[in-house]
Ligand code: DX5
Ligand code: ZN
């Protein structure tokens, strides 16, 4: 059985009651906390920064999966490590020296992820795969929660799964954007290992049930 993890995206949490939502994730079947960092430059939105990451870290009993949607992430790798990131993902499109960036993330003691926007062919990762612990396939254009899943993401996951398997690697595939109980099974079957879900978890009456349904799809 392949690894199947669920990472609720705190972007859709209630920031006025953050501790309640953190506690919910702690008690749920979720595996990681997914934290979206947006700088208003790489993506047309600004989310939150170090104080929130640190606060989540202080209450979380599960690893923090930090997704950087920022330009020039190299400037902040150490600060995110210090804030509590266990997994740190940078964007392929934001890194001219990806090999160096991923190596630096690992040298700082974190797991290293690389994310691709919907227009970037997954085949572009062929020479970097062995340096990444995880590839994050964006299944919406990054920047906002609550968008619709882009359907060709399924074939992108399948192609990446083949590439990873053909190289005999254990790189995880994470999928982010428009994910929920309705498409989780299809995504796991296509080869995904980690499903990120924001609105499908936090904008429902029963987040525990939503997480359980994604995890056991
Ligand atoms: C989008 C973020 C996602 C977002 C997903 O740019 O990277 O993590 O929170 O939200 P949903 O699950 O609502 O599409
Ligand atoms: Zn994300």
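Test residue 105 against the criterion of being modelled with pLDDT of 95 or more, part of a helix (DSSP H, G or I) and farther than 26 Å from residue 120 by Cβ, and give yes or no. No: the conditions fail for residue 105.
The residues listed here are 194, 179; of these, the one that is closer than 19 Å to residue 31 by Cα, within 16 Å of ligand 2 (Cβ to nearest atom) and either in contact with a helix residue (DSSP H, G or I) (Cβ under 7 Å, 6 or more places away or on another chain) or free of Cβ contacts under 8 Å to residues at least 12 places away in the same chain (or both) is 179.
Apart from one condition, residue 169 fits all of (1) under 18 Å from the mean Cα position of the chain (by Cα); (2) touching a residue at least 24 places away in the same chain (Cβ under 8 Å); the exception is (1). Against the criterion of being within 16 Å of the chain's Cα centre (by Cα), over 25 Å from residue 41 (Cβ atoms) and more than 16 Å from ligand 1 (Cβ to nearest atom), residue 127 does not qualify.
Taken over the stretch 17-40, the criterion of being more than 16 Å from ligand 2 (Cβ to nearest atom) and more than 15 Å from residue 55 (Cβ to Cβ) is satisfied by 24, 27, 28, 29. Within the stretch 133-156, being under 19 Å from residue 71 (Cα atoms) and in contact with a strand residue (DSSP E or B) (Cβ under 7 Å, 6 or more places away or on another chain) holds for 135, 136, 137, 138, 142, 143. Just name the residue that is nearest to residue 57 (Cα to Cα) out of those in the stretch 86-105 that are in contact with a helix residue (DSSP H, G or I) (Cβ under 7 Å, 6 or more places away or on another chain) and within 16 Å of ligand 1 (Cβ to nearest atom). Step by step, filter the stretch 86-105, then rank; the result is 88. Take the conditions crowded, with 17+ Cβ neighbours inside 10 Å, touching a residue at least 12 places away in the same chain (Cβ under 8 Å) and more than 16 Å from the chain's Cα centre (by Cα) and apply them to residue 2. Does it pass? When the stated conditions are applied, residue 2 does not pass them. Is at least one residue of the stretch 52-59 within 15 Å of residue 110 (Cβ to Cβ) and within 16 Å of ligand 2 (Cβ to nearest atom)? Taking every residue of the stretch 52-59 in turn, at least one turns out to be within 15 Å of residue 110 (Cβ to Cβ) and within 16 Å of ligand 2 (Cβ to nearest atom). Take the residues in the stretch 22-63 that are under 14 Å from residue 81 (Cα atoms) and out of contact with any strand residue (DSSP E or B) (no Cβ under 8 Å at 6 or more places or on another chain), then tell me which one is farthest from ligand 1 (Cβ to nearest atom). The residue in question is 58.
The values are calculated or read from the model by the stated rules, or taken from the named source; none is laboratory data. All of these numbers come straight from a predicted model, not from anything done at the bench. Cβ atoms come from the backbone with ideal geometry, glycine included; neighbour counts cover every protein chain shown.
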